[in-house]
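Step one of this worksheet: look at the structure below.
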Amino acid sequence: MALSVDPVAVTRAHSAKHGWTYTFLADPEARVVRRYDLQHDVGGKIIPRPAELLIDPTGTVRWRDLTDDFRVRTRPETVIAAFDQLAAGR
């Protein structure tokens, strides 16, 4: 799933524009961003930090990858390897 601090209507339009079929949640009050400490200072403006997270059913972050650049994303195979490693450790 993805998360945006944009309002629901903006998030919905953005998702439709790009044809994304996965869940795209709106967090306009940045509650989730603050809960997972994803605030990022860009030129004095606080914005959500681009991140990939693996969160267990209790809400505990088991793995995360943070970046300062929204254009940089973790490769899918890296996320899958992290998931497999966590699953093997149970």
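Being of a type in the set (Lys, Arg) and over 13 Å from the mean Cα position of the chain (by Cα) is the filter; apply it to region 72-90 and report the residue that is surrounded by the fewest Cβ atoms within 10 Å (Cβ to Cβ). First the steps, then the outcome.
So in region 72-90, the residues of a type in the set (Lys, Arg) come out as 73, 75, 90.
So of that shortlist, the ones also over 13 Å from the mean Cα position of the chain (by Cα) come out as 75, 90.
Working: 75: 10, 90: 4.
This residue is 90.
Could you list, in sequence order, the residues of region 8-24 that are exposed (fewer than 12 other Cβ atoms within 10 Å of the Cβ) and in contact with a strand residue (DSSP E or B) (Cβ under 8 Å, 6 or more places away or on another chain)?
Of everything in region 8-24, those that are exposed (fewer than 12 other Cβ atoms within 10 Å of the Cβ) and in contact with a strand residue (DSSP E or B) (Cβ under 8 Å, 6 or more places away or on another chain) turn out to be 20, 22, 23.
Looking at (1) in the same structural domain as residue 1 (by TED's automatic domain parsing); (2) over 18 Å from residue 2 (Cβ atoms); (3) part of a helix (DSSP H, G or I); (4) not aliphatic (A, V, I, L, M), which is the one condition that is false for residue 77?
(1)
Restricting the first residue to region 41-67 and requiring it to be without any contact (Cβ under 8 Å) to a residue 12 or more places away in the chain, which pairs with a second residue that is in a loop (DSSP other than H, G, I, E, B) and of a type in the set (Val, Ile, Thr) meet a Cβ separation below 6 Å and a spacing of at least six or different chains?
none
The values are calculated or read from the model by the stated rules, or taken from the named source; none is laboratory data. Nothing here was measured: the structure is a model prediction, and the numbers come from that model. All Cβ positions, even for glycine, are placed from backbone atoms using ideal geometry, and neighbour counts span all protein chains on display.
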